[in-house]
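**Q** The structure is given below, and queries will be raised subsequently.
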Amino acid sequence: MAEGWLPPALNGGWIYRDRIDASAGGVRVTAFYASRYLHSPPAAWERRLESGEIERNGQRLRQDAVLAAGDRLAWHRPPWREDSVPALPQPLLDDGDLLVLNKPSGLPVLPAGGWLEHTVLSLLERQHAGDPDGLPRPVHRLGRFTSGLLVCARRPDSRAWLSALLHESTGARGDGDGGGAGAAGAGRCRKLYRALTAQLPPHLALTVGDAVRISTPIGRRAHPLLGRLWCAAAPDDPEALPALSTLTLLESRPEGALVEVAIASGRPHQIRIHTAALGVPLLGDPLYLPGGLARGEALPGEGGYHLHAHRLSLPLPQGRELQLEAPLPPPLRGAGDG
């Protein structure tokens, strides 16, 4: 597909399926949906019932009903309009198994948050339908407004291998530099991002080339629009995920700082949360506040920040190492980038 933009278009709708467990038995359909999908109040679910959009155990419901444990619900969401997004670019690499894209900012990777067909996955499915080598599928996720290296693979064993590498590395367990400066090392992937942050506070006392490690655990916290959202974990959260990033100052600017961030783990929104936890949220990020908590009125899919997956060193099962680089967008180019 040529680079450019996809126009706004209606998608084909979607079916959201849920099975009722014992905790939801005795709850009415509208109350269940209002607690399960926080974007709509009970009155909206009543209208959907009346219009025949909801099934229970294969039968259309026309009015509210009490649910029992084991019931199966299906909400047939009608087609909706998806806004214009950047088109799928030509791959940086396609070796018949691995396919690597320089994902543009604004293009979602997987269906979520109102996006269904204007996503990398759906566009790959259309572009490679009938491909004898198989369908390339993303092995990790980038936020909608994060640009840069996105790795896809056709073979299931390749996807499993790469997914494990990109989510965890040996550095995350404390036996290396955490993906920062230096060689990637055997069996370790090295993930480098570029970003613009808010101005560094004086107490960090960083000069160009200085680095600081961030090890704030990441966990889910209450959020009024989503129920729960990934943030800097609460101190007593037993389910918090360990995470490690290394931030290096590349350039001070009047509006903020150009930084490189190496990550040794692949936690949800890790760089956005870790820079905020350090006290320097990504410049223009509408969601994460200094300290690493989230604004209650914002959602993860909202843009305004600059974050780019720039370089990736990826060890492959056969002992080879793949070195990848996605060209920097203009706002993230430093004086030394030419």
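**Q** Name the pairs: first residue in the stretch 299-311 and touching a residue at least 24 places away in the same chain (Cβ under 8 Å) and within 23 Å of Ala222 (Cα to Cα), second residue surrounded by fewer than 16 Cβ atoms within 10 Å (Cβ to Cβ) and of a type in the set (A, V, I, L, M), Cβ to Cβ under 9 Å, at least 6 apart or on different chains?
**A** Close Cβ pairs (under 9 Å, with a partner that is surrounded by fewer than 16 Cβ atoms within 10 Å (Cβ to Cβ) and of a type in the set (A, V, I, L, M)) amount to Leu299/Leu225; Gly301/Ala112.
**Q** Also, I was wondering about something else. Would you check if there is a residue in the stretch 148-165 being outside the structural domain of Glu321 (by TED's automatic domain parsing), more than 23 Å from Leu316 (Cα to Cα) and at pLDDT 95 or above?
**A** For the stretch 148-165, residues outside the structural domain of Glu321 (by TED's automatic domain parsing), more than 23 Å from Leu316 (Cα to Cα) and at pLDDT 95 or above: absent.
**Q** Here are some conditions: (1) in contact with a helix residue (DSSP H, G or I) (Cβ under 7 Å, 6 or more places away or on another chain); (2) free of Cβ contacts under 8 Å to residues at least 40 places away in the same chain; (3) in a strand (DSSP E or B). Ala34 meets all but one. Which one does it not meet?
**A** The failed condition is (3).
**Q** Now for a different question. Is there a residue being more than 19 Å from Trp80 (Cβ to Cβ) and exposed (fewer than 12 other Cβ atoms within 10 Å of the Cβ) anywhere in the stretch 7-21?
**A** Yes.
**Q** Further question: Under 13 Å from Gly143 (Cβ atoms), surrounded by 22 or more Cβ atoms within 10 Å (Cβ to Cβ), at pLDDT 95 or above and assigned by TED's automatic domain parsing to the domain that holds Glu325 - does that describe any residue in the stretch 248-262?
**A** Of all residues in the stretch 248-262, those under 13 Å from Gly143 (Cβ atoms) come to none.
Within the stretch 248-262, none of the residues are under 13 Å from Gly143 (Cβ atoms), surrounded by 22 or more Cβ atoms within 10 Å (Cβ to Cβ), at pLDDT 95 or above and assigned by TED's automatic domain parsing to the domain that holds Glu325.
**Q** Moving on to the next point. Among the listed residues Gly319, Gly284, identify the single one that is without any contact (Cβ under 8 Å) to a residue 60 or more places away in the chain and of a type in the set (Gly, Ala, Ser). First the steps, then the outcome.
**A** Numbers: Gly284 fails: without any contact (Cβ under 8 Å) to a residue 60 or more places away in the chain.
From the options Gly319, Gly284, the qualifying one is Gly319.
**Q** Let me ask something additional. Name the residue that is modelled with the lowest pLDDT, counting only residues in the stretch 269-313 that are under 14 Å from the mean Cα position of the chain (by Cα) and charged (D, E, K, R).
**A** By that ranking, first place goes to Glu302.
**Q** Got a sec? Which of Gly266, Gly209 is under 24 Å from the mean Cα position of the chain (by Cα) and surrounded by fewer than 22 Cβ atoms within 10 Å (Cβ to Cβ)? Don't jump to the end; show me each part of the working.
**A** Working: Gly209 fails: under 24 Å from the mean Cα position of the chain (by Cα).
One residue alone meets the criteria, Gly266.
**Q** While we're here: Evaluate the following for Gly187: is it over 20 Å from Thr146 (Cα atoms) and either part of a strand (DSSP E or B) or modelled with pLDDT under 95 (or both)?
**A** Details: over 20 Å from Thr146 (Cα atoms): yes; either part of a strand (DSSP E or B) or modelled with pLDDT under 95 (or both): yes.
Yes, satisfied.
The values are calculated or read from the model by the stated rules, or taken from the named source; none is laboratory data. As the structure is a computational prediction, the values presented were derived from the model and not from experiment. Glycine gets a Cβ as well: all are built from the backbone with ideal geometry, and neighbour counts include every protein chain shown.
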